1. Name the one entry in Glu50, Glu12 that is at pLDDT below 90, part of a helix (DSSP H, G or I) and open to solvent by less than 90 Å² (accessible area, probe 1.4 Å).
2. When only residues in region 128-144 that are open to solvent by 20 Å² or more (accessible area, probe 1.4 Å) and modelled with pLDDT under 90 count, which is farthest from the chain's Cα centre (by Cα)?
3. Can you run down the residue pairs with Cβ atoms below 7 Å, 6 or more apart or on separate chains, where the first is in region 85-105 and modelled with pLDDT under 90 and the partner is surrounded by fewer than 19 Cβ atoms within 10 Å (Cβ to Cβ) and assigned to a helix (DSSP H, G or I)?
4. Residues Val98, Val85: which one is open to solvent by less than 60 Å² (accessible area, probe 1.4 Å) and either closer than 25 Å to Asn226 by Cβ or of a type outside the set (D, E, K, R) (or both)?
5. Evaluate region 15-33: report whether one residue or more is closer than 30 Å to Asp137 by Cβ and at pLDDT 85 or above.
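The values are calculated or read from the model by the stated rules, or taken from the named source; none is laboratory data. Please read all numbers here as calculations on a predicted model, not as lab measurements. Counting neighbours? That spans all protein chains shown, and the Cβs are built from the backbone with ideal geometry, glycine included. Accessible surface areas use protein heavy atoms only, side chains included; no ligands, DNA or RNA. Shrake-Rupley method; radii C 1.70, N 1.55, O 1.52, S 1.80 Å.
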Amino acid sequence: MLKRFEAFTLAEVLITLGIIGVVSAMTIPTLVANYQKTQYVTALKKAYSEINQALVKMASDAGCPGDLSCASTIFNSNSSADELVSKLDNFASYFNAVKKCQAADGVCFSTQFSNYYDGSGVRGTGGGGPYSFIKADGVSYSVTPIECQPPPGYYGFDTTAEFKTYCGDMYIDVNGPNKGPNNFGMDVYHVWFTNGKGPVAVLQGAKSSGTQYWQTANSCNSSNKNGWSCGGRIVEEGWEMNY
């Protein structure tokens with residue numbers, strides 16, 4: 001008596017493979033996007049911690065712990081061009097910079113960004129200060145120091161808290177100038193240097209920044225995908241990118 005062997009027909013195999021292909025096409029892009037978001041947030045969290053550590057150490061090394069406005073720092077007074085570069089070189093040394101540039105000229109820091117985290121905005125110059133540098137881990141920074149002073153009113157700062165004194169700002173590109181997408185709220189973020197509660201860096205969009213808070217209609221939500229305040233949202237939501 002012949003044994004009967006059960007097997008899938010070719011049609012059944014092809015249908016199964018087709019279903020797997022459709023499911024993969026639907027889920028893999030989402031998985032890849034979520035993985036990329038996790039990488040961006042991890043790099044941002046590390047960079048943000050290093051900035052705060054550097055500010056605290058700078059003030060301490062200058063002989064006035066807890067105060068960024070020391071005479072020997074870049075946050076004290078106007079300097080000549082050569083003096084400012086020297087001070088900024090010293091600032092970059094706190095990050096173990098491997099490359100330094102005197103401008104965000106596309107070498108140490110990209111000059112082309114989309115203000116919208118989904119890249120839907122017109123790509124153009126999105127900020128950048130007079131000095132930029134790159135760390136060994138590939139993160140790049142562009143910094144604009146000023147003399148510590150009350151914050152400008154148009155930022156909507158809460159001047160009773162961290163923002164009582166504003167000492168400049170910094171842009172962070174968590175994957176460097178040569179990788180995309182170069183969208184604010186994805187791989188690019190904006191940080192303010194504050195001195196109200198000692199040397200503290202605050203990501204734009206945090207609660208203390210008043211009208212810039214991400215829960216308003218300003219940015220980083222489904223109503224307005226402008227990504228400048230997304231850093232604050234990420235922090236407020238426990239270092240998660242929920243957009």
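1. Only one candidate passes the filter, namely Glu12.
2. Among them, the one singled out is Pro130.
3. If the second residue must be surrounded by fewer than 19 Cβ atoms within 10 Å (Cβ to Cβ) and assigned to a helix (DSSP H, G or I), the pairs left are Gln102/Val85.
4. Val85
5. The answer is no, given that none of the residues of region 15-33 is closer than 30 Å to Asp137 by Cβ and at pLDDT 85 or above.
Conditions tested, residue by residue: (1) among the basic types (Lys, Arg); (2) open to solvent by less than 30 Å² (accessible area, probe 1.4 Å); (3) at pLDDT 85 or above; (4) over 15 Å from the mean Cα position of the chain (by Cα).
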{"position": "Arg123", "(1), (2), (3), (4)": "yes, no, no, yes"}
{"position": "Gly126", "(1), (2), (3), (4)": "no, yes, no, no"}
{"position": "Gln149", "(1), (2), (3), (4)": "no, no, no, yes"}
{"position": "Tyr166", "(1), (2), (3), (4)": "no, yes, no, yes"}
{"position": "Asp173", "(1), (2), (3), (4)": "no, yes, yes, no"}
